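The values are calculated or read from the model by the stated rules, or taken from the named source; none is laboratory data. It should be emphasised that the depicted structure is a prediction, and the values quoted were computed from it without experimental measurement. Reconstructed Cβ throughout: ideal geometry from the backbone, glycine too, with neighbour counts over all protein chains shown.
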Amino acid sequence: MIRVGIVGMGNIGKRHAEIYSKDPLSELVAVCDIDREKADAAASRFGVKAYYVVEEMLASEEIDLVGVCTSGVEGGSHHYEPTLQAITAGKMVLGEKPISNDIGEAREMVAAARERGVHYGINLNHRTHAMAATARQWIKEGKLGDLLFCNMALWIRNPRDDPPYYHIRALHPHSIDVMRYFCGGPRRVQAFFMKAPGRAGWSTISVNFDFANGAVGHLTGSYDMPFIHPIERCEVGGTKGRFVLENVFEDLVYFPHDSPERIHLHNSIFSQYTSFQDTFDMRIHRFLEQVTQGDTPEEIEASGADALAVQEIIEAAIASHEKGGVPIELPDQ
Ligand SMILES: NC(=O)c1ccc[n+]([C@@H]2O[C@H](COP(=O)([O-])OP(=O)(O)OC[C@H]3O[C@@H](n4cnc5c(N)ncnc54)[C@H](O)[C@@H]3O)[C@@H](O)[C@H]2O)c1
């Protein structure tokens with residue numbers, strides 16, 4: 001049984017707390033927020049002790065895993081301190097995305113986890129589900145042949161408009177992580193951003209990828225689309241076939257090049273998982289499963305290192321945009 005303490009009791013921290021309370025592999029033992037009212041309210045809701053200072057929680061409770069659900073600038077500037085406190089205390093960490101909005105701090109966080117040999121995962125919940133695993137297996141089995149392209153779209157409505165880069169830094173850890181999960185890292189990216197009418201920040205983006213494996217790709221991202229239609233689509237094409245993964249984990253279709261027959265996986269209404277919120281359950285359960293079965297820190301899926309690699313791509317896209325769309329090279333990922 002993994003004993004969990006959560007830092008940051010906003011809506012997302014409460015969602016994590018609910019999941020750890022119900023998951024058979026974990027037990028929620030404490031919650032922590034610098035805002036006493038939030039900590040106390042969550043503590044009474046989940047029947048655990050409230051803390052207001054991370055170090056006190058770590059010193060007073062037997063905790064194996066710290067859930068870091070803080071936020072801050074671009075959804076990520078407050079993760080650094082509690083993550084390093086937890087890692088320094090030798091605790092496993094499952095943090096929220098973005099790993100950090102500051103690439104220097106993100107590098108330090110991943111280096112600290114590596115030095116301490118600590119399991120470090122990030123809630124990159126758009127790929128931690130069975131349908132993405134199936135699609136990736138198809139790639140590994142050669143059903144797509146050599147990869148040629150990956151086209152990704154992630155678009156939602158978010159009126160929040162913290163200029164200039166809230167949209168790409170807060171949302172696109174997800175889309176770029178999905179692209180990287182299927183196609184590996186890019187060696188170059190090139191980006192063009194625009195502002196929807198009335199926006200101060202770059203709310204719609206277009207990013208080209210030149211993957212290290214030779215495939216090419218594209219991401220369209222937006223905070224200007226409605227929530228009533230699907231939010232995500234990922235299409236990967238190769239020399240032998242192509243798949244389309246629709247709306248995170250709703251539908252997956254494989255189109256072989258040599259046959260009109262398709263394989264279609266649909267997420268049934270009888271499935272355990274029917275809403276986007278369930279991606280949190282799946283991601284958290286997978287982390288608990290991996291550490292329970294003794295996987296090493298290097299084997300953790302959607303790890304801190306993966307989240308850092310994604311953030312490096314985001315920073316390269318921003319650099320390309322700022323230089324008028326020149327391609328930016330990335331080190332091997
Ligand atoms: N994975 C997803 O799909 C997804 C979706 C939405 C948001 N998020 C992420 O979840 C995170 C949390 O989002 P939110 O909306 O709940 O944020 P929030 O601002 O509502 O809550 C964060 C809480 O952390 C507390 N806090 C900050 N620093 C602290 C510290 N050092 N010690 C203790 N408490 C501290 C704050 O007081 C606040 O209550 C963000 O990083 C966001 O980007 C992820």
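For the range 214-310, the strands (runs of 3 or more DSSP E) that sit wholly inside it and include 2 or more residues that are free of Cβ contacts under 8 Å to residues at least 40 places away in the same chain and surrounded by fewer than 20 Cβ atoms within 10 Å (Cβ to Cβ) are 241-246, 251-256, 263-266. Residues in the range 1-12 that are crowded, with 22+ Cβ neighbours inside 10 Å and either more than 22 Å from Leu84 (Cβ to Cβ) or within 6 Å of the ligand (Cβ to nearest atom) (or both): Val7, Gly8, Met9. Please work out if Asn158 is polar (S, T, N, Q) and under 20 Å from Leu330 (Cβ atoms). Here the answer is no, as Asn158 does not meet what is asked.
Is there a residue in the range 66-73 that is more than 30 Å from Arg160 (Cα to Cα), more than 9 Å from the ligand (Cβ to nearest atom), modelled with pLDDT of 95 or more and not in a helix (DSSP H, G or I)? Checked against the condition, which is being more than 30 Å from Arg160 (Cα to Cα), more than 9 Å from the ligand (Cβ to nearest atom), modelled with pLDDT of 95 or more and not in a helix (DSSP H, G or I), the range 66-73 yields no hits at all.
Look at the range 46-60: where a residue is not assigned by TED's automatic domain parsing to the domain that holds Ile19, no partner that is surrounded by fewer than 20 Cβ atoms within 10 Å (Cβ to Cβ) and in a strand (DSSP E or B) sits 6+ places away or on another chain with Cβ atoms under 6 Å.
In the set (1) at pLDDT 95 or above; (2) over 18 Å from Thr128 (Cα atoms); (3) surrounded by fewer than 18 Cβ atoms within 10 Å (Cβ to Cβ), Ile328 fails one condition alone, (3). Is it the case that the range 74-85 has a residue that's among the hydrophobic types (A, V, I, L, M, F, W, C) and over 25 Å from Arg286 (Cβ atoms)? No, that holds for no residue. Applying the condition of being charged (D, E, K, R), under 21 Å from Ala89 (Cβ atoms) and not in a helix (DSSP H, G or I) to the range 13-59 and asking which residue is farthest from the ligand (Cβ to nearest atom) yields Glu27.
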